[in-house]
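Read through the structure below, which is laid out as structure tokens, and then see the notes.
The values are calculated or read from the model by the stated rules, or taken from the named source; none is laboratory data. None of these values were measured; they are calculated from a predicted model. We place every Cβ from the backbone using ideal geometry, glycine too, and count neighbours over all the protein chains shown. Heavy atoms of the whole protein, side chains included, go into the accessibility calculation; ligands, DNA and RNA do not. Shrake-Rupley method; radii C 1.70, N 1.55, O 1.52, S 1.80 Å.
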Amino acid sequence: CASSAAATTTATTRVQRNANMAKLQAGYLFPEIARRRNAFLEANPEAKIISLGIGDTTQPIPKHILSGLQTGSSKLGTKEGYSGYGAEQGVGDLRSKIATKLYNGLIKPEEVFVSDGAKCDIGRLQLLFGSEVTSAVQDPSYPVYVDTSVMMGQTGAVDSSTPAGQFPGIVYMQCNPSNGFFPDLDKTPRADIIYFCSPNNPTGATATKEQLERLVRYAKDNGSIIVFDAAYAPFIRSPELPKSIYEIDGAREVAIEVNSFSKYAGFTGVRLGWTIVPNELKYADGTPVRNDFNRVTCTVFNGASNIVQSGGLACLDDEGLAEIQTLIEYYLENAKILRNAMIEIGFEVYGGMDSPYVYVDLEGKSSWDMFSEIMEKAQVITIPGAGFGPGGEGFLRLSAFAPRESCIEAAARLKKMFA
């Protein structure tokens, strides 16, 4: 009897749960979207779902870039070409190519840290900054900035008295149509770390040079560090719009930049990115931030895959860069199709130019309700703006990363639904 009772008893440890994990609200946005989609398909197995949701690329990796991955893989099968552990910061040739081909010498190869993607680097930056800093985020913004800040212990429990429940300890910088999706910095409380994404996910807004000059000046005046997320920079086609924070004078003293090959070259599943930490960026005590980030990188990361870095080198050949431009133009044309469709329906629409995301104003309607209605009536998956923070409620994000025929069909279904 005793053994039978023991077998049915739920086993537990004496280890206390990390209290910061308990602060997180519901699940992470994109798995929650997948859960709702799967539940709908289970109840409606004949449904023909089109996904305009998660920003996952769908076009094949182009020939020259693919050859780089194949070469990297093949070399591992030869005695002469085999390589094991490499430099945690990335192979020297790739760091140099990133500095010259993508930044035109604005940054130095030694300041480039090659990684497995921008999302992972944001987590490593949080480890670098620790639990005592305050963070500011655009509202709405990519959920990773807030969620990792909560996980690190930078916040209190969610405040249910605030709109949509905000976390104390985070500065929410409102970005909406009334301010051109750029925060009123004169009214923004000081934060140690400022997360800023341009072109923005989810709004599709791209900051002007004058706006970024204000942001850099604000960071200097307040002694803050900007974490500039430039993952969607290759979509910028307007020549007057900066693709990097380092195009702004003084940014090297106050800014880190994260970026990724995910959207450049269809590497969402391949995983390759980089972070720039300039030599001039220093803590209050004069310690170079780069030194500490190097220590974090060497401690928790063994470097990006040798195979993947070979693909990254191919991306930055002239042939690879031309292939990237072809991919970007394909997705921008998709964005144009979706943007025009929503305008034709009668919505106020933002983004979709210099950005792969189309941001739709629902005129006060619930974004989760609209997500469900569109899924059920048009069988199209979108992303509710509320998933990107309190400021996203009342908006819907459409992703242009679907195949062209899917975007055309989705546009037709949405027009029919709202007719």
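For residue 399, state whether it is touching an Asp or Glu at 6+ places or on another chain (Cβ under 9 Å) and within 30 Å of residue 60 (Cβ to Cβ). Answer is yes for this residue.
If you check 25, 70 for being part of a helix (DSSP H, G or I), open to solvent by 90 Å² or more (accessible area, probe 1.4 Å) and polar (S, T, N, Q), only one passes: 70. If only residues of segment 36-67 that are assigned to a loop (DSSP other than H, G, I, E, B) and open to solvent by 70 Å² or more (accessible area, probe 1.4 Å) are counted, the one that is modelled with the lowest pLDDT is 54.
Close Cβ contacts (under 6 Å, 6 or more residues apart or on different chains) running from residues in segment 201-215 that are among the hydrophobic types (A, V, I, L, M, F, W, C) to residues that are modelled with pLDDT of 95 or more comprise 205/181; 207/198; 212/242; 212/248. Counting only residues that are under 29 Å from residue 45 (Cβ atoms) and of a type in the set (S, T, N, Q), which one in segment 343-381 is least open to solvent (accessible area, probe 1.4 Å)? For segment 343-381, the residue satisfying everything is 367. Note on segment 77-170: enclosed helices (runs of 4 or more DSSP H) holding 1 or more residues that are under 25 Å from residue 182 (Cα atoms) and without any contact (Cβ under 8 Å) to a residue 40 or more places away in the chain are 118-129, 143-151.
Does residue 291 meet the test of being modelled with pLDDT of 95 or more, polar (S, T, N, Q), closer than 23 Å to residue 216 by Cβ and out of contact with any strand residue (DSSP E or B) (no Cβ under 7 Å at 6 or more places or on another chain)? Can you show your working first?
Numbers: modelled with pLDDT of 95 or more: yes; polar (S, T, N, Q): yes; closer than 23 Å to residue 216 by Cβ: yes; out of contact with any strand residue (DSSP E or B) (no Cβ under 7 Å at 6 or more places or on another chain): yes.
Criteria met by residue 291.
Just to be sure I understand the filter: pairs with C-beta atoms under 7 Å, separated by 6 or more residues or on different chains, first member in segment 229-251 and in contact (Cβ under 8 Å) with a residue 60 or more places away in the chain and closer than 12 Å to residue 205 by Cα, second member among the polar types (S, T, N, Q) and assigned to a loop (DSSP other than H, G, I, E, B). Which pairs pass? Matching pairs, first to second residue: 232/201; 232/355; 235/355; 236/206; 241/206; 241/208. Is it the case that residue 158 is of a type in the set (A, V, I, L, M, F, W, C), on the phi < 0 side of the Ramachandran plot, modelled with pLDDT of 95 or more and in contact with a strand residue (DSSP E or B) (Cβ under 8 Å, 6 or more places away or on another chain)? Judged against the criteria, residue 158 is not a match.
Select, from 334, 306, 340, the only residue that is modelled with pLDDT of 95 or more and open to solvent by less than 10 Å² (accessible area, probe 1.4 Å).
Numbers: 306 fails: open to solvent by less than 10 Å² (accessible area, probe 1.4 Å); 340 fails: open to solvent by less than 10 Å² (accessible area, probe 1.4 Å).
That would be 334, the only listed residue that is modelled with pLDDT of 95 or more and open to solvent by less than 10 Å² (accessible area, probe 1.4 Å).
When each of 244, 305 is tested for being of a type in the set (Ser, Thr, Tyr) and under 16 Å from the mean Cα position of the chain (by Cα), the lone residue that passes is 244. Report whether or not residue 411 is aliphatic (A, V, I, L, M), outside any strand (DSSP E or B) and under 17 Å from the mean Cα position of the chain (by Cα). Criteria not met by residue 411.
Applying the criterion of being over 12 Å from residue 51 (Cβ atoms) and among the small types (Gly, Ala, Ser) to the residues of segment 393-419, the residue that is most open to solvent (accessible area, probe 1.4 Å) is 419.
Pairs linking a residue in segment 356-378 that is more than 17 Å from residue 402 (Cα to Cα) and without any contact (Cβ under 8 Å) to a residue 24 or more places away in the chain to a residue that is assigned to a helix (DSSP H, G or I) and among the hydrophobic types (A, V, I, L, M, F, W, C), with Cβ atoms under 8 Å and 6 or more positions apart or on different chains, are 368/386. Before we move on, is residue 219 touching a strand residue (DSSP E or B) at 6+ places or on another chain (Cβ under 7 Å), in a helix (DSSP H, G or I) and over 22 Å from residue 325 (Cβ atoms)? Spelling it out, residue 219 is indeed touching a strand residue (DSSP E or B) at 6+ places or on another chain (Cβ under 7 Å), in a helix (DSSP H, G or I) and over 22 Å from residue 325 (Cβ atoms).
Check whether at least one residue in segment 308-331 is assigned to a helix (DSSP H, G or I), closer than 30 Å to residue 160 by Cα and in contact with a helix residue (DSSP H, G or I) (Cβ under 9 Å, 6 or more places away or on another chain), and report yes or no. Give the steps one after another, and end with the answer.
If we filter segment 308-331 for residues that are assigned to a helix (DSSP H, G or I), which is where we start, we get 308-315, 318-331.
This time we only want the ones that are closer than 30 Å to residue 160 by Cα, so: none.
No, there is no match, as no residue in segment 308-331 is assigned to a helix (DSSP H, G or I), closer than 30 Å to residue 160 by Cα and in contact with a helix residue (DSSP H, G or I) (Cβ under 9 Å, 6 or more places away or on another chain).
From the list 364, 391, the one residue that fits, being assigned to a loop (DSSP other than H, G, I, E, B) and over 24 Å from residue 58 (Cβ atoms), is 364.
Would you mind finding the one in 268, 297 that is under 17 Å from residue 68 (Cα atoms) and within 20 Å of the chain's Cα centre (by Cα)? Show your work before the answer.
Working: 297 fails: under 17 Å from residue 68 (Cα atoms).
From the options 268, 297, the qualifying one is 268.
Just one of the listed residues (285, 354) is over 21 Å from the mean Cα position of the chain (by Cα), among the acidic types (Asp, Glu) and not in a helix (DSSP H, G or I), and it is 285.
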